[in-house]
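This report concerns only the one structure given below.
The values are calculated or read from the model by the stated rules, or taken from the named source; none is laboratory data. Note that the structure is a prediction, hence the values are computed from the model and not measured. Note: ideal-geometry Cβ built from the backbone for every residue, glycine included; neighbour counts use all protein chains shown. These area figures cover heavy atoms from the full protein model, side chains too; ligands, DNA and RNA do not enter into them. Shrake-Rupley method; radii C 1.70, N 1.55, O 1.52, S 1.80 Å.
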Amino acid sequence: MLYFSEVKGKKVLTEDNVEIGKLDDLIFLASTNPLITKLVVKNKLQEEFLIPISYIHKMNKDIYLKKGFQTNDLSENEIYINKNLVDTQIIDLKGNKVVRVNDVAIQDKDNLMVFGIDIGFLGILRWFYSGEAIVKTLHFLGLKPAPKFLSWGDVQPLELAKGKVILKKNEERLKNLRPEDLADYLEKTNIANTRKMLKILDKNLAKEVIESFNVNYQISLFHTFKSDRIIEWLNLIDDDEAVDILLTFSKKKRTEIINALDKEKQKKVLYLLEYTETAIGSLLIADYMTVKPTNTVREVINRIKKETGDYYYFNDVYVVNDMNQLIGVFNLHELIISDIDAQVYKFMHQKLILLYLTTPKGIALRKFLKYRLHVLPVIDFNRKILGVVAIDDLSNLIKQK
Amino acid sequence: MFKNIKTIFSKNKFGNSLLLFLAVFGPATITAMSDNDAAGVATYSLAGAKFGYSILFVLLFVTILLAITQEMGVRIAVTTGKGLGDLIRELFGVRVSVFIFFGLTLANLGTIIANLSAIKVTTQMFGLPSLPFIILIIIMSFIFVTKGNYKTNQNVFLMTSLFYVAYIISAVKTHPDWNLALRSTILPTSIHLSRDFVFAAIAVLGTTITPWGQFFVHSYVIDKKITGEKHLKYAQIETFVGAFLTDFFSFFMITATAATLFVHKIPLLSGEQAALAIKPFAGELASILFGLGILNAGFMGMVIVGLTTAYAFSEFFGYEGSLDKPFQKSRQFYLLFLLQLSIAGVIVLMPSISLFKIVFFTQSLNGMLLPVIFYFLLKVTNNKKLMGKHTNNKWYNYFAIICSFIIIIAALFTIISSLFKF
């Protein structure tokens, strides 16, 4: 993850090292999918060029553009990060002032995209050359200010073009949210609200929202449904998720539900359930390490040196919040290439592939193969990490069977 | 402008106009009156005691300069609907905002300390125990600000402003030479242009036109929700009324010490001692009223300057900050107000702290901030996109720039002179 304050002012050069100017701003689509589309580069004469990001050759300390890059104009629905978003007042639907936009977080994996709005103290400090020194001093004093974000899903993109950052906090507008953001929002409300919301949402969006809930919430939600509603939703959601949910019901109720499912779905579910006889709990190993999001690379490396010498297999470091819930992961390669004083939340992956104690072996194996991973974390329904499972142990067990 | 005033108060519309004027009345007058805080009273008293009626001529200029600068502030606030902090953050970014906010906070803290210190000295003169009195006044100020809404706060500030009448009675009791006083206000009379006179004139200017005054008038107009074309001209008139009223009362403060201490050549070492010093010449009532006036000015200055920082914080960093919002919704705003008063209270009660150094530091910081604030004011009032048809016209702009230059030079002069004195 990058911050706008970190990229603003970077030198922009051509592949053959000819300086064009400095990055003054970024342009993005004011939509639910806020892709960054253009760089705004200012030369020494203060002339402004809009360059599509497809011309970026590489971006590290400086930004290098491909040879023969072309400039472009502002298109419809495009707005500037610095000019239109940074420093703007954020207000809620009732017009109450909430806070200002201190910085903008940019996702730099795959596509460049606005990820969220930094509304915290760190977002202000980042604009100062001495900001990092202040953060280090605070760390030294035992104070660890954590970043404070507003998800892009909480912002009304259409209002941005009018120069306003307005939060969306009523039901009608929630339909425009991304499913995962809506799931996050609904998890914080009560189940009754969630049921009401699922009823009014488009079926496809509702399906994605259900799939984005954490498993604990999914189970609580399904246990409040009547049988016909359970069957309706199970027919829609992913097979793996459906099996996870079915396993929480009694055998009698489970059979009753499975019998009422669509024939195709019934077949897939029964096939997956065959692999549920052995729980993966017996494969759990404790060779894993957790860190806090505000730990620096230096601190993590020091801990790895001290604590992981006798680990059977070690490649991933898991990030947990103050409640010990798993919130991110990064591998050793990502750790080593990051700045030694960078905090891990800046480069950790937040989209996690997880196993639960109830996850059938077959499903676990499919997850290993699908995502080409060697080790996966196993969590409980409170998202607390219980241990990790290695693909070698799992495949040996399946082979023995 | 005068043509406008004439139209507004024409016979047919008089009643309506008066109502509209009363509807917008408050922010500019309160801001201007609070420029006569305890530090202001001390400065006027010292100037009057040392230079007599001759220093009154400075008041005429100060009134014009105050009116011009306050008018720009009110015009910006009514037209844009934003406070000075909002505009600085949105136009100049977070780096500039953080520097200005910290400078303003420190300078304001110094001003609050000066006001609380004046309250402490005055309570001691009246034989009251300082410690409980200061704690009580801080708690009462916090309750008054958090529990009351904008309207109650404004009414209390206006009522407090009425207490300045005490200075009129005090001045009358000193039996001044009214003819000479009035003549000295309009025409330069017996002015000896010494270095000390220039310093005193600048000190009078510096105590009246302050960075916090510029911030407060913006924020208070916004908090009163004065918007729209029809209110603007009345709000502008109010700035002139406010500027006049402020220096109207300053006139009596100077006159009281001029008629007593200057005439009898009694040196005054500290402004706060003026209440006691005039007693032998003007009697006990005048002395008590003068002292009560300082207490009142100290309270008003302390609360308003404290609110200024809280308003500025809300504007710079985008939090809810309004006297109309309950504590739960404007927590940062109210807590910052309390924090400033508490820190100032602790410092004032510490015997080892040099208040002279704090006042020097505050003056210097205000002096450094003032040119920057005027730069922002002129930048915004010349921004057509923001101000539309209310952008400064050419002549007003020249006048505003000249006024700003005078204030800036005066501010710089104060810093340099303070450095030499220090």
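Taking amide H positions as modeled 1.01 Å from N, with prolines and chain starts lacking one, the residues under 5 Å from A:Leu13 and 5 or more places away or on another chain are A:Ile20, A:Ile63, A:Tyr64, A:Leu65. Over the protein assembly as shown, dividing the summed -39,500 (n - 2.57) contributions of all DSSP H runs of at least 4 residues by the number of residues returns a 222 nm mean residue ellipticity of -18500 deg cm²/dmol.
Computed from phi, the 3J(HN,Hα) profile of the range B:324-336 under the Karplus parametrisation 6.51, -1.76, 1.60 (θ = phi - 60°) reads 7, 8, x, 3, 4, 8, 10, 3, 4, 4, 6, 5, 5 Hz, with x in place of Gly and Pro.
With respect to chain A, whose longest principal axis is taken over its alpha-carbon atoms, helix A:361-371 is tilted by about 20°. Residue ranking by accessible heavy-atom surface, 1.4 Å probe, largest first, among A:Phe4, B:Phe99, B:Phe262 comes out as B:Phe99, B:Phe262, A:Phe4. Computed over Cα pairs, the Kirkwood radius of chain A leads via Stokes-Einstein (0.890 mPa s, 25 °C) to a diffusion coefficient of 103 µm² per second. If R0 is 30 Å, the Cβ-Cβ spacing of A:Asn331 and A:Asn216 corresponds to a FRET efficiency of close to 0.65.
Using a cut-off of 25 Å between Cα atoms, the listed pairs B:Lys151/B:Lys384; A:Lys265/A:Lys351; B:Lys230/B:Lys385; A:Lys351/A:Lys399 include B:Lys151/B:Lys384; A:Lys265/A:Lys351; A:Lys351/A:Lys399 as exceeding that distance. Its alpha carbons considered, the protein assembly as shown gives a radius of gyration followed by a Dmax of 34.0, 115 Å.
Between A:Asn259 and A:Lys203, the FRET efficiency estimated from the beta carbon spacing at R0 = 22 angstrom works out to 0.45. In this structure, the amide hydrogen of A:Met113, modeled 1.01 Å from its nitrogen in the peptide plane, lies closer than 5 angstrom to those of A:Ile36, A:Gln107, counting only residues at least 5 positions away or on a different chain. Ranking A:His139, A:Ile353, A:Gln70 by Cα position along the charge dipole of chain A, where only Lys, Arg, Asp and Glu carry charges on their C-beta atoms, puts A:Ile353 farthest toward the positive end. Extension gain for A:Lys251 to A:Ile398 (0.36 nm times residue separation, less C-alpha to C-alpha distance): 50.5 nm. When restricted to Cα atoms, the range A:42-149 yields an Rg and a Dmax of 17.4, 51 Å, respectively. Backbone geometry of the range B:99-116 corresponds, through the Karplus equation with coefficients 6.51, -1.76 and 1.60 at θ = phi - 60°, to 3J(HN,Hα) couplings of 5, 5, 4, 5, x, 5, 4, 5, 4, 5, 4, x, 5, 5, 4, 4, 5, 5 Hz, x marking Gly and Pro. Spatial offset of the range B:59-85 relative to the range B:92-112 amounts to 19 Å, using the alpha carbon center of each. The order of B:Leu109, B:Leu412, A:Leu221 by accessible area, most exposed first and with a 1.4 Å probe, is B:Leu412, B:Leu109, A:Leu221.
So, in nm, how far is label B:Lys394 from label A:Asp341 when the simple model puts each one 7 Å beyond its Cα toward the Cβ? Computed distance between label sites B:Lys394 and A:Asp341 equals 5.4 nm. Computed extension length for B:Leu162-B:Leu349: 64.4 nm, one decimal, from 0.36 nm per residue of separation with the Cα-Cα distance subtracted.
Note on A:Lys97: aspartates and glutamates with a C-alpha under 20 Å away, same-chain residues under 8 apart excluded, are A:Asp87, A:Asp118, A:Asp154, A:Glu159, B:Asp86, B:Glu90, B:Asp223, B:Glu315, B:Glu320, B:Asp324.
Applied to the range B:185-200, the Karplus parametrisation 6.51 cos²θ - 1.76 cosθ + 1.60 on θ = phi - 60° returns per-residue 3J(HN,Hα) values of 6, 8, 10, x, 10, 6, 7, 10, 6, 8, 4, 5, 5, 4, 4, 5 Hz, with x for Gly and Pro. For the range B:29-420, the Kirkwood radius over C-alpha pairs fed into Stokes-Einstein at 4 °C and 1.567 mPa s yields D = 62 µm² per second.
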